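Take a look at the structure below.
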Amino acid sequence: MQMGPHYFIPHRVIGKLDSLTTKLRIVLDASSHMKNELSLNDCIHSGPSILKSIVGILLSARNTPFLMVADLEKAFDQVRLQAQHKNATKFLWMKSPHSPPTPDNIKIYRFTRLPFGITSSPFLLAIKIMRYMEMASEAINDKIARI
């Protein structure tokens with residue numbers, strides 16, 4: 001028996017003709033809903049805003065002799081979903097887009113990692129980063145947390 005809530009996230013493909021590496025990108029729409037129904041984003045608590053203000057970050061960066069920058073592009077892929085929440089991130093995939101949508105041509109997938117585009121994703125990622133900094137005690141962690 002499958003646990004937890006169930007939701008199929010609608011998605012579409014966005015093409016980037018000028019890209020050298022990624023020609024197609026899948027975009028999830030967790031805010032979509034049927035008439036008189038709730039979307040996934042409507043049902044999920046987004047969490048409090050714990051991210052620092054960009055203005056505050058820029059102002060404090062001007063007062064320090066060094067600046068550290070990090071690219072967290074793949075960070076959402078590092079946050080695992082708990083088993084009871086994976087069914088809320090299901091999506092349908094057609095094996096052959098040129099064939100009709102029959103049961104033999106449709107596959108159901110579930111995310112095991114936190115997908116980008118869900119209301120709570122920024123909060124969950126920020127909490128995970130803070131938790132990692134607590135677990136791995138380094139001198140720089142306090143400076144990162146203060147910014």
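The values are calculated or read from the model by the stated rules, or taken from the named source; none is laboratory data. Quantities reported herein were computed from a predicted structural model and do not represent experimental measurements. Every residue, glycine among them, receives a Cβ derived from its backbone with ideal geometry; neighbour counts consider all protein chains shown. Side chains included, ligands, DNA and RNA excluded: accessible areas come from the protein's heavy atoms. Shrake-Rupley method; radii C 1.70, N 1.55, O 1.52, S 1.80 Å.
Among 42-54, 121-133, sorting by the average number of other beta carbon atoms lying within 10 angstrom of each residue, highest first, gives 121-133, 42-54. Packing order of peptides 56-67, 5-16, highest average first: 5-16, 56-67 (average count of other Cβ atoms within 10 Å over each peptide's residues). With the cut-off at 1.5 for a/c, could you classify the stretch 95-147 from its C-alpha gyration tensor as rounded, prolate or oblate? Note, shape of the stretch 95-147 comes out prolate. Among the protein heavy atoms of the chain, carbon and sulfur supply 61% of the accessible surface, probe 1.4 Å, non-protein parts ignored.
For n ≥ 4 DSSP H runs only, could you compute -39500 (n - 2.57) per run for the chain, divide by its residues and tell me the 222 nm figure to the nearest 500?
Taking each H run of at least 4 residues, the total per residue is -6500 deg cm²/dmol.
How far, in nm, would the chain grow between L24 and E73 when pulled straight, counting 0.36 nm per residue and subtracting the alpha carbon separation? All intermediate terms of the calculation are to be shown ahead of the outcome.
Details: separation 49, 0.36 × 49 = 17.64 nm, distance 1.68 nm.
Extra length available between L24 and E73 comes to 16.0 nm.
What the stretch 1-133 shows is 79 Å² of accessible area per residue, with the surface traced by a 1.4 Å probe over protein heavy atoms.
Of all complete DSSP H helices in the chain, those with a Cα span along the helix axis of 18 Å or greater and a mean Kyte-Doolittle hydropathy of 0.5 or more are 121-135. Taken about its Cα centre, the stretch 1-75 carries a charge dipole of about 180 debye when Lys and Arg each add +1 at the Cβ and Asp and Glu each add -1 at the Cβ.
Here volume of the Cα convex hull per residue in Å³ was calculated from the structure, and among (1) 192; (2) 183; (3) 128 it sits at label (1). Take each peptide in 99-111, 82-94, count the other Cβ atoms within 10 Å of every residue, and average; sorted highest first, the result is 82-94, 99-111.
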